[in-house]
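**Student:** Starting off with a structure, shown below.
The values are calculated or read from the model by the stated rules, or taken from the named source; none is laboratory data. Just so we're clear, the structure is a prediction, and the values are computed from it rather than from any experiment. For neighbour counting, all protein chains shown are included, and Cβ atoms are generated from backbone atoms with ideal geometry for every residue, glycine included.
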Amino acid sequence: MQPTNRSSRILLPVKLWFIYFSLILALGFAYVPTGTFPGVPDWVALVLAFWCIREPLRIGMGAGFVFGLLVDIGQGAAMGQHALAYVVVAYLAGRFARRLMWFPLLQQALHVLPMLLAAQLLMVIVRLLAGAEFPGWLYFLSSFTSVLLWAPMSFLLLLPQYQPVERDDNRPI
């Protein structure tokens, strides 16, 4: 038997209110005006991908569409641009959720990178079709910074599930 650094602890179930709270918090970060500063992570796409991988039966393309529209409204983007991209992220994350859960966090991040790059590519295509100029190659830097945040963000979002369970001495297990 090979030694592993994985925890054998069983996580508590995640509360649905916490999932939506984290998505709303990410939406608040998305509303922070950063101008044209390259490398700012797409917080909503990152948190959405995380929850679609961890809880694919509770969060999916519908949440991606709604939060995408909210980002479009808040950032003054072309209506549906983020919604389309987030639906694709939610679909891909849900599609590969069972496979990704077997990997450690670093490998999960490497699998999430193409999802985030595909979302950004879709947003660029929608902008170009609407007549905007190409934002430059530094625009895609935010996917890479998002991937760097995958491990710490996973730790923070899973933290409430690691709460200690009260031990019952009358229970045999």
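**Student:** Where in the range 11-75 are the helices (runs of 4 or more DSSP H), entirely inside, with at least 2 residues that are over 11 Å from the mean Cα position of the chain (by Cα) and modelled with pLDDT under 95?
**Tutor:** Counting at least 2 such residues, we get 16-30, 61-75.
**Student:** Please count how many residues of the range 75-107 are within 23 Å of residue 131 (Cα to Cα) and either of a type in the set (Asp, Glu) or out of contact with any Gly (no Cβ under 9 Å at 6 or more places or on another chain) (or both).
**Tutor:** So the count comes out to 5.
**Student:** List pairs: first residue in the range 51-79 and over 11 Å from residue 23 (Cβ atoms), second residue surrounded by fewer than 19 Cβ atoms within 10 Å (Cβ to Cβ) and polar (S, T, N, Q) anywhere in the structure, Cβ distance under 9 angstrom, at least six positions apart or on different chains.
**Tutor:** That search, which allows pairs on different chains as well, returns 54/154.
**Student:** Going residue by residue through the range 90-106, is there one that turns out to be in contact (Cβ under 8 Å) with a residue 60 or more places away in the chain, part of a loop (DSSP other than H, G, I, E, B), surrounded by fewer than 20 Cβ atoms within 10 Å (Cβ to Cβ) and not basic (Lys, Arg)?
**Tutor:** Within the range 90-106 (the criterion being in contact (Cβ under 8 Å) with a residue 60 or more places away in the chain, part of a loop (DSSP other than H, G, I, E, B), surrounded by fewer than 20 Cβ atoms within 10 Å (Cβ to Cβ) and not basic (Lys, Arg)), the answer is yes, since at least one residue qualifies.
**Student:** All but one of (1) buried (at least 19 other Cβ atoms within 10 Å of the Cβ); (2) farther than 18 Å from residue 118 by Cα; (3) of a type in the set (A, V, I, L, M) hold for residue 57; state the number of the condition that does not hold.
**Tutor:** (1)
**Student:** Additional query: Please verify whether residue 19 is out of contact with any Cys (no Cβ under 9 Å at 6 or more places or on another chain), free of Cβ contacts under 8 Å to residues at least 12 places away in the same chain and farther than 15 Å from residue 115 by Cα, treating the condition exactly as stated.
**Tutor:** no
**Student:** Considering 132, 151, which residue is among the aliphatic types (A, V, I, L, M) and either in contact with an Asp or Glu (Cβ under 8 Å, 6 or more places away or on another chain) or at pLDDT below 90 (or both)?
**Tutor:** Residue meeting the stated conditions: 132.
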